[in-house]
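To start, the structure itself, in structure tokens.
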Amino acid sequence: MLKIGMLGEFSMKYGDYDISDTINRSKKMRTLLTYLITFKDREVSQSELIDALWPDESVDKPANTMKTMLHRARAALKQLGIDDAQELISYKSGAYAWTPSVPCSVDVEEFDKLLAEAEKTGITNEEKADLLISACAVYKGDFLPKNSFDMWVVPISSYYRSRYIHAVITASDLLDEQKRYEDIIMLCQAAVAIDPYEEYLHRSLIRALVSAGRQQQAMAHYDYVTELFFSRFGITPSAELTALYKEIVKTSKKIESNLTVILDGLAENENDQGCYYCEYEFFRNIYQLEARGAARTGQVVYVCLLTVSDARGNQPQQNVLNRSMHKLREVVMLSLRHGDLFTRYSVCQYLIMLPTTSFESGGMVMRRICDRFRRENPKMAVVLKYDLQPVVPADLGGKPVELLSAPVLEA
């Protein structure tokens, strides 16, 4: 069986013979073979093949150049150890064709076949899920990634990636109904490696991790996804992701009768330094708790909104924003006390809670942060602004907590 792979990377194997490396070293040879194999159900004219091989180039004597390329491709195919391997590419009446003289399997065709079987009527949901899993296992990556910018590859690659993502999503939903959480985890981990920006895949993976009792991994993946979307697209977590975070927190604890074990779990890591960074939802809960405490004790707690902008007051370009937010997080963490708390509020803002402080001392803290950031990052073209306001005691009758207005200070 001549085995041809086109998903993830082009490969060509026959028994113990493998000429994948030989072909992949030459883009033109790879393009010639993959084009003929992709359109193997028809003859390809010489002019069409020349356009595929040299789409933006002017070639002297293209017919002769084509013959030279054909000779090199046939010489490579001869290394497969197949009798009459040179006849795998035929030429007749000005047209070329892929004409395998031995049984041949192409992973793209296997992928299509499995998806077609999964769509047949009369099969159970479990059988459908298994067929989709098998199809997704065939999809090792995008169609001919080394030729991803070739015009003829782009629509085909987009088509198969779309089919793959749809298959993963459909399979995940079916597997969730069957409580096959480990299968979902395996499926989605492979999928997010191929398409890291499809949020539904991440949500399916996190839900499966939670259902499988792997809350720590679920939380770690949630942190990874939120940071990825912050840095790549400059967007905050969606409502669906935020809801998943709450679900992780809610289900993260099992029944434990030994208080010592619980206290060990509550203890802070000895290696943790600086103030405490947390998710926004956790920060919000602490804020409401502090507001209740302020109503009882009269102690003032200040909250600061620290914003990064460009010189015109707009959001910086994404690459500048990513670097500045990363550096600012380090500065904030090492500039505040252990008892202070901060979170990322938006793509360009941190929210900081400063208990047991006054407006004047809070302002000094924020100016110290801004000065340190500027001192450590003198070439970073961003402006830091902060708004410092006290937490207003909550009316325990049900009124929401509000923040008093205060001047916005710039550093």
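Just so it is clear, none of the values below were taken in a lab; they were calculated from the coordinates. Quick caveat: nothing in here was measured; it's all calculated off a predicted structure. Glycine gets a Cβ as well: all are built from the backbone with ideal geometry, and neighbour counts include every protein chain shown.
Details
- Here the label points at residue 323 and residue 16, each 7 Å from Cα along the C-beta direction, are separated by 5.4 nm in the simple model.
- GNM result for the chain, Cα springs below 10 Å: residue of 182, 360, 290 fluctuating most strongly: 360
- Hz values of 3J(HN,Hα) by residue in the stretch 109-114 - Karplus curve (6.51, -1.76, 1.60), Gly and Pro given as x: 5, 5, 4, 4, 5, 5
- Potential lengthening of the chain between residue 288 and residue 367 amounts to 25.8 nm, from the contour at 0.36 nm per residue minus the alpha-carbon distance.
- Summarised in one figure, the compactness ratio Rg/Rh of the chain, Cα atoms and Kirkwood Rh, is 1.13.
- Less than 5 angstrom separates the built amide H of residue 345 from those of 350, 351, all sequence-distant by 5 or more or on a different chain.
- Which listed pairs, of 140/250; 3/40; 92/140; 3/179; 13/61, have C-alpha distances above 25 Å, in listed order: 140/250; 92/140; 3/179; 13/61
- Estimated FRET transfer efficiency when R0 is 60 angstrom, pair residue 334-residue 99 (beta carbons, to 0.05): 0.30
- Max mean-square fluctuation residue, GNM over the chain, Cα-Cα springs under 10 Å, options 343, 121, 357: 121
- Size of electric dipole in the chain: Cβ of Lys, Arg +1 and of Asp, Glu -1, about Cα centre, debye, nearest 20: 1060
- Ordering 364, 325, 186 from the fewest to the most neighbouring beta carbons within 10 Å gives 364, 186, 325.
- Spin-label proximity, residue 56 to the stretch 127-171 - amide N less than 17 Å from point 7 Å beyond Cα toward beta carbon: 146-155
- Gaussian network model of the chain, springs between alpha carbon atoms under 10 Å - residue of 58, 204, 90 with greatest fluctuation: 58
- Computed from the C-beta positions of residue 113 and residue 346, the FRET efficiency with R₀ = 60 Å rounds to 0.80.
- Potential lengthening between residue 311 and residue 71 on full extension [0.36 nm per residue; Cα-Cα distance subtracted]: 80.3 nm
- When exposed loop sites are taken as chymotrypsin sites (Phe, Trp or Tyr not before Pro) in a DSSP loop with at most 15 other Cβ atoms within 10 Å, the longest stretch of the chain clear of them is 198-411.
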